[in-house]
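A short reminder: the numbers here are calculations on the coordinates, not readings from a lab. None of the values given here were measured: they were computed from a predicted structure. Here the Cβ positions follow ideal geometry from the backbone for every residue, glycine too, while neighbour counts run over all protein chains shown.
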Amino acid sequence: MIRVAPSEVRKAYERIPKDELMDTPRAIATRVGEFLKTDLMIVGTVWRYKERIGGALAVQGPASVAFAIYVIEVATGKTVWKAKFDETQRPLSENILEAKRFLKRGAKWLSANELAQYGVKEIFKGFPL
C-alpha cells in the first residue's frame with residue numbers, strides 16, 4: 001500500500017473544484033483521490049468534541065468525543081469500511097466493569113484530545129487493510 005503525504009493531499013484539496021454548499025465529504029474525498037490517482041481515501045467526520053471542565057484528577061464536566069472514519073473506494077465513491085467512536089468519559093463509580101479500561105487509560109480524567117487519540121487507536125484495531 002502506497003501512502004500519500006498529508007501535504008500532497010492538502011495541495012490536491014486546494015486544487016480541486018468544490019461547491020461548499022453541495023459537496024459531501026465523500027464527494028470531495030473521491031475527487032481528491034482521483035486527482036492523486038489513488039484507489040482509496042480515508043475520511044473522518046467529527047460531530048462532537050467537548051473538552052473536560054477541570055483537571056485530570058477532578059472534573060465538573062467530562063470530555064466527550066464522537067467521530068467516524070470511512071474508507072472510500074475512489075473509482076466508485078462507495079464506502080468499503082467504516083467505524084465510529086462515541087464516548088463521554090464517566091466516573092468509575094458509575095460502572096465498575098469499566099475499571100480495566102479506566103486503568104489502561106492512566107486512571108485519570110482524559111482531555112478531549114486524549115479521548116480522541118484513544119478512540120482512533122481502538123477504531124484502527126479493527127482496520128482490515
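Side notes on the structure shown:
- Identity of the residue in the range 70-85, in a strand (DSSP E or B) and touching a Leu at 6+ places or on another chain (Cβ under 8 Å), that ends up surrounded by the most Cβ atoms within 10 Å (Cβ to Cβ): Ile72
- The residue of the range 86-100 that is nearest to Val65 (Cα to Cα), among those that are exposed (fewer than 13 other Cβ atoms within 10 Å of the Cβ) and not acidic (Asp, Glu), is Arg90.
- Residue that is farthest from Glu87 (Cα to Cα) [pool: residues in the range 107-129 that are under 12 Å from the mean Cα position of the chain (by Cα) and surrounded by fewer than 17 Cβ atoms within 10 Å (Cβ to Cβ)]: Phe124
- With respect to the conditions (1) exposed (fewer than 14 other Cβ atoms within 10 Å of the Cβ); (2) under 22 Å from Val9 (Cβ atoms), Leu103 lacks only one, and its number is (2).
- Flag for Pro17 being under 22 Å from Val120 (Cα atoms) and surrounded by fewer than 17 Cβ atoms within 10 Å (Cβ to Cβ): no
- Selection count, the range 88-116, where residues are over 14 Å from Glu51 (Cβ atoms) and either part of a loop (DSSP other than H, G, I, E, B) or of a type outside the set (Val, Ile, Thr) (or both): 18
- Flag for Ala56 being part of a loop (DSSP other than H, G, I, E, B) and within 22 Å of Val120 (Cα to Cα): yes
- Residues of the range 1-53 classified as assigned to a loop (DSSP other than H, G, I, E, B), among the acidic types (Asp, Glu) and in contact (Cβ under 8 Å) with a residue 12 or more places away in the chain, total: 2
- With respect to the conditions (1) over 24 Å from Gly126 (Cα atoms); (2) surrounded by 13 or more Cβ atoms within 10 Å (Cβ to Cβ), Phe67 lacks only one, and its number is (1).
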